[in-house]
1. Out of curiosity, is Glu136 closer than 22 Å to Lys94 by Cβ, surrounded by fewer than 16 Cβ atoms within 10 Å (Cβ to Cβ) and of a type in the set (Asp, Glu)?
2. Run down Leu84, Leu62 and say which single residue is under 23 Å from Val41 (Cα atoms) and free of Cβ contacts under 8 Å to residues at least 12 places away in the same chain.
3. Does region 145-152 contain any residue that is of a type outside the set (Asp, Glu), within 21 Å of Leu62 (Cα to Cα) and surrounded by fewer than 16 Cβ atoms within 10 Å (Cβ to Cβ)?
4. Just checking: which of the helices (runs of 4 or more DSSP H) contained wholly in region 158-211 hold 2 or more residues that are without any contact (Cβ under 8 Å) to a residue 12 or more places away in the chain?
5. Does Met65 satisfy being surrounded by fewer than 18 Cβ atoms within 10 Å (Cβ to Cβ) and under 30 Å from Ser4 (Cβ atoms)?
6. Just checking, how many residues over region 34-43 are touching a residue at least 24 places away in the same chain (Cβ under 8 Å) and farther than 18 Å from Gly170 by Cα?
7. Under the condition of being assigned to a helix (DSSP H, G or I) and out of contact with any Phe, Trp or Tyr (no Cβ under 8 Å at 6 or more places or on another chain), which residue from region 49-61 is farthest from Phe286 (Cα to Cα)?
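The values are calculated or read from the model by the stated rules, or taken from the named source; none is laboratory data. Bear in mind the structure is a predicted one, so any value in this text is a computation, not a measurement. Reconstructed Cβ throughout: ideal geometry from the backbone, glycine too, with neighbour counts over all protein chains shown.
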Amino acid sequence: MANSVIKNYSDDIRTEIYRVTNELLEHLHLYYQPFPEFDAVRFPATALTTATEGFFLPMMLLKKMVVIPVWIFTIDDVIDRKLLSDEELDARLKSYEWIITQGLDASDVYGRVLKDLYDQLKERPLFHALREVWEEAYFRMIRGMLLEARETVRVPSYDEYLEHGSYSIGVPLYVVSTWILGSYEETLTHLEVLKKLMMLSAKSIRLANDMRTYEKEKMEKNLNALVIMENTYESEGYAPDAAKALASAFVREELERYRTQFLELVDESVLPIRTLSNVTQFSLSFYDEHDFHTVDAGEIHHV
C-alpha cells in the first residue's frame, strides 16, 4: 500500500521522490562501505524518508542529511543490545563527548563517523548559533538511550518516559542537524516555533514507533509507552485484555493530540518548517504500515 503522504503527490513528484531515494540509497552504501558495523537494513527506509522530506533540496545537502539517522540508529543498537560492557560503553561515550566539546579525534568506528558528521556541521554558517541546541539534543538523546537500556529499580511513569523518549528516538538531534546543514535564513527568525514543532514531532514519532513495536518490546521486556500504560491499567485492577485496549486508546489519543498541535503550527512558506512537516507526516504515515527494520530496497517504490 502506498504511503498516504507520497500518494497525495502528483505522478511527477512521486517519480522524483523515488529517483532521489535511489541516489541517496547508493550514497549510503558508499559512505558506510568502510564501516561494516553499520547495518544496511535501515538504508532503504532512511533514504526514502530523507527523499520525501526534501526532494526539492540540493542533492549535496540531502547526502549530508541522510547519513545522520544511520549513525543514530546504530548507536542506539549498540546501547540497547548491550554490544559493549557498561565500562567500555561509558568510555566510548566520554570520547564522543570530547569530540563535541574539545574537538578531539576518536579511535573507534562509531566515534570516527560521529566526528566526520560533526565536522561537516562545524563548516556551516548556523553552527555557532545553534551549537547549544544541537548539544542539548545530543546529550539528552544519549541519556535517554541509556535510561531505556539499563535496568533500574523503578519503571518510569508515562510522562517521564515520554520526556526522555522524545529525545532518545533521535528526532531532535536529526532535525537540529538539518537546520545547521541547510543554514536557511528563516531558521533563526522562526527558531522558537521550530523548536516547538520539533518536540511535537518527536513525541508523535516516539508514540507511533511504540505502537508499531509494542509486541516486540513487550516480549523483550523493553520500555515502551503502550507497555507502560498497559501495566498502569493492570495495576489499577483492569483485566489484561481491558488494560491493553485502554492503553492502546490512550496512546493513540495522545499521538493524535500531538499531531494536531503540530499541524496547527505548520507554515509551509517557511522552508525549515516545510521540511520538518514533510518528514514528520511521512514518518507517522510510514509507521501505520511498516517499521524501519522491515522495508528493503525492493519495496521502497511500493511504500
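1. Values: closer than 22 Å to Lys94 by Cβ: yes; surrounded by fewer than 16 Cβ atoms within 10 Å (Cβ to Cβ): yes; of a type in the set (Asp, Glu): yes.
Taking the combined requirement at face value, the residue satisfies it.
2. Just a single option satisfies the conditions, and that option is Leu84.
3. Step one: of region 145-152, the residues of a type outside the set (Asp, Glu) are 145-147, 149-150, 152.
Now restrict to residues that are within 21 Å of Leu62 (Cα to Cα): none.
No, because not a single residue in region 145-152 is of a type outside the set (Asp, Glu), within 21 Å of Leu62 (Cα to Cα) and surrounded by fewer than 16 Cβ atoms within 10 Å (Cβ to Cβ).
4. Values: elements: 158-168, 171-182, 186-189.
Qualifying helices (runs of 4 or more DSSP H): 158-168.
5. On the way: surrounded by fewer than 18 Cβ atoms within 10 Å (Cβ to Cβ): no; under 30 Å from Ser4 (Cβ atoms): yes.
It is false that Met65 is surrounded by fewer than 18 Cβ atoms within 10 Å (Cβ to Cβ) and under 30 Å from Ser4 (Cβ atoms).
6. Looking only at region 34-43, we keep the residues that are touching a residue at least 24 places away in the same chain (Cβ under 8 Å), and these are 35, 37-39, 41-43.
So of that shortlist, the ones also farther than 18 Å from Gly170 by Cα come out as 35, 37.
Qualifying residue count, region 34-43: 2.
7. Narrowing region 49-61 to residues assigned to a helix (DSSP H, G or I): 49-54, 59-61.
Add one more test, that the residue is out of contact with any Phe, Trp or Tyr (no Cβ under 8 Å at 6 or more places or on another chain), and what stays is 50, 54, 59-61.
On the way: Thr50: 13, Gly54: 16, Met59: 23, Met60: 25, Leu61: 23 Å.
In this case the residue turns out to be Met60.
Here is a yes/no grid of residues against (1) at negative phi; (2) of a type in the set (A, V, I, L, M); (3) more than 16 Å from the chain's Cα centre (by Cα):
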{"residue": "Gly165", "(1), (2), (3)": "yes, no, no"}
{"residue": "Thr178", "(1), (2), (3)": "yes, no, no"}
{"residue": "Gly182", "(1), (2), (3)": "yes, no, yes"}
{"residue": "His190", "(1), (2), (3)": "yes, no, yes"}
{"residue": "Ala202", "(1), (2), (3)": "yes, yes, no"}
{"residue": "Leu223", "(1), (2), (3)": "yes, yes, yes"}
